[in-house]
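Here the structure comes first, spelled out in structure tokens, and everything after it is commentary.
Just so you know, all these numbers are worked out from the coordinates, no wet-lab data involved. Predicted, not measured: the structure shown is a model, and the values here were computed from it. A quick note on method: Cβ atoms are made from the backbone with ideal geometry, for glycine too, and the neighbour counts reach across all protein chains shown.
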Amino acid sequence: MTKRLLILLSLMTSLLLVSSPVALAAQDPDVEEIADTVSAADPRDLLDALVTPPRDRALPDGFTKATYVDIADAGEIEDSGSDCLYDASGLIDAEGAAAYTLKTNVKTLDYLYACASLDYIVYDEDVLGDTPLEDFKEGVAQGLGDDDFGTPDASGGVPTMDDIEVAGEDAVVVTYSLAQDGAYVVVQQVAIPVGNTFLIAVLSVADDREIDQDDLLEVATALAVSGIEHLGNVAEDL
């Protein structure tokens, strides 16, 4: 991993979060059913239960050793040493937030460098509102600038936002890509509301060759699916 790639990765991840080939599971989870279970749980109890991370076998190939971080606490985010966490410390309307940093196997993922996290932002259902995904998209657009999507910013990076589906449900992916002097970095955030909880899977990779964003999205989506399944298991046990 070159120093230039590390510098570009750190720069690009911080810019994206200011707004802010792995096979999918054989059968996608029933997101609507999980959403009902999640919404029926007390938000504080859910947050307490999310302290327990998923086991390795519940994660896609290439990801292991999920480690809990309270991303509503700016100090814990800083102490975690990860550039891949979603910073929820400024979300005053949320009941709280939890995340897991993940150890990545770059040989399995086939990149020189990769970092990832699963991030959960828990709201009171009345606060989240009826159009959480649209509200998230609007917030990202305002944070990055509506006119800046698809065009290079001052650092040469290109932000994009696209509607996608995760396990058959509406979701969104925010991508930030940067190429400079033979070094390539891509950061993707796959976001989907699940009941009163927003799940954001963050995946950042760097390499000395161009990165296929469709391949990367397949990985990020698989990661999001595993995050939904874990959220459902946690809520079901409450």
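Determine, for the chain, the count of lysine pairs separated by eight or more sequence positions (or lying on different chains) whose alpha-carbon distance falls under 26 Å. Intermediate values should be presented prior to the final figure.
Numbers: LYS3/LYS65; LYS3/LYS103; LYS3/LYS107; LYS65/LYS103; LYS65/LYS107.
Number of lysine pairs found: 5.
Mind jotting down the distance between the C-alpha centroids of segment 204-238 and segment 53-86, whole Å?
13
Place +1 on the Cβ of every Lys and Arg and -1 on the Cβ of every Asp and Glu in the chain, take the dipole about the Cα centre, and give the residue among THR175, LEU231, PRO132 whose Cα lies farthest towards its positive end.
THR175
What are the ³J(HN,Hα) couplings of segment 221-238, residue after residue, when phi is run through the Karplus curve with 6.51, -1.76, 1.60 and θ = phi - 60°? Round to Hz, x for glycine and proline.
5, 4, 5, 4, 4, 5, x, 5, 4, 5, 4, x, 5, 5, 5, 5, 7, 7
Taking neighbour Cβ counts within 10 Å as the exposure measure, how do THR101, THR64, THR37 sort from fewest upward? Could you put the intermediate results ahead of the total?
On the way: THR101 23, THR64 14, THR37 19.
Ascending Cβ contact count within 10 Å gives the list THR64, THR37, THR101.
Mind giving me the nanometre distance, one decimal, between the label points for VAL51 and ASN233, set 7 Å out from Cα along Cα→Cβ?
1.9
With only Lys, Arg, Asp and Glu charged, each at its Cβ (+1 for the first two, -1 for the last two), find how big the charge dipole of the chain is about the Cα centre; round to the nearest 20 debye.
Numbers: 10 positive and 48 negative charges, 282 e Å.
That gives a dipole near 1360 debye.
Estimate the FRET efficiency between GLN142 and ASP163 by the formula 1/(1 + (r/R0)^6), using the beta-carbon distance for r and 22 Å for R0, to the nearest 0.05.
0.80
So what is the 222 nm mean residue ellipticity for the chain from helices alone, if each DSSP H run of at least 4 adds -39500 (n - 2.57) and you divide by all residues, rounding to the nearest 500 deg cm²/dmol?
Values: 8 runs with 84 residues, N = 238.
That calculation yields -10500 deg cm²/dmol at 222 nm.
What order do you get for PHE136, PHE63 when you list them from fewest to most C-beta neighbours inside 10 Å?
Working: PHE136 23, PHE63 27.
If I rank by nearby Cβ atoms, fewest first, I get PHE136, PHE63.
Residue by residue through segment 125-131, which ³J(HN,Hα) values in whole Hz follow from phi under the Karplus form 6.51 cos²θ - 1.76 cosθ + 1.60 (θ = phi - 60°), with glycine and proline marked x?
Listing the rounded values in order: 4, 5, 6, 5, x, 8, 10 Hz.
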